[in-house]
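Heads up, the thing below is written out as structure tokens.
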Amino acid sequence: MTTTRSSGRRIALSGDVTIATAAQVRAELLGALEQGGDLRVDLAKVTEIDTAGLQVLLHGRRLAPHLGGAVRFQRCPAALRDTLAVAGLGGDLAPLPVKSGGGRR
């Protein structure tokens, strides 16, 4: 698993997001969230995710509002979206909608 930070409050994950890397992903995600504001998490290069990895991502999304921001998942691979849909979690990694009037949630 590789985490790449870039400007504009974005983290790009790549490789496996599994039990073997969950602690590292969690630390990166929480570190970014503690800075406040919204965070975009790019999932395009994630090759494998298990329930531990999924739990970390969902925890970050649920924690963000308590830290004054939101997590927006971007470029979720089709295979991951399909797996989430089968598990009934398809909407949990969907990008957050834009509020009417142009503001973000």
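The values are calculated or read from the model by the stated rules, or taken from the named source; none is laboratory data. This is a predicted model, so every value here is computed, not measured. Because the Cβ atoms are built from the backbone with ideal geometry, glycine has one as well, and the counts that use them run over all protein chains shown.
Just a few scattered comments:
- Of residues in region 77-105 being part of a loop (DSSP other than H, G, I, E, B) and loosely packed, with under 11 Cβ neighbours inside 10 Å, the one modelled with the highest pLDDT: GLY88
- Residues located in region 24-76, provided they are more than 9 Å from the chain's Cα centre (by Cα), charged (D, E, K, R), part of a helix (DSSP H, G or I) and surrounded by 14 or more Cβ atoms within 10 Å (Cβ to Cβ): ARG26, GLU28
- Residue in region 4-23 that is modelled with the highest pLDDT, counting only those that are in a loop (DSSP other than H, G, I, E, B), touching a helix residue (DSSP H, G or I) at 6+ places or on another chain (Cβ under 9 Å) and not β-branched (Val, Ile, Thr): ALA20
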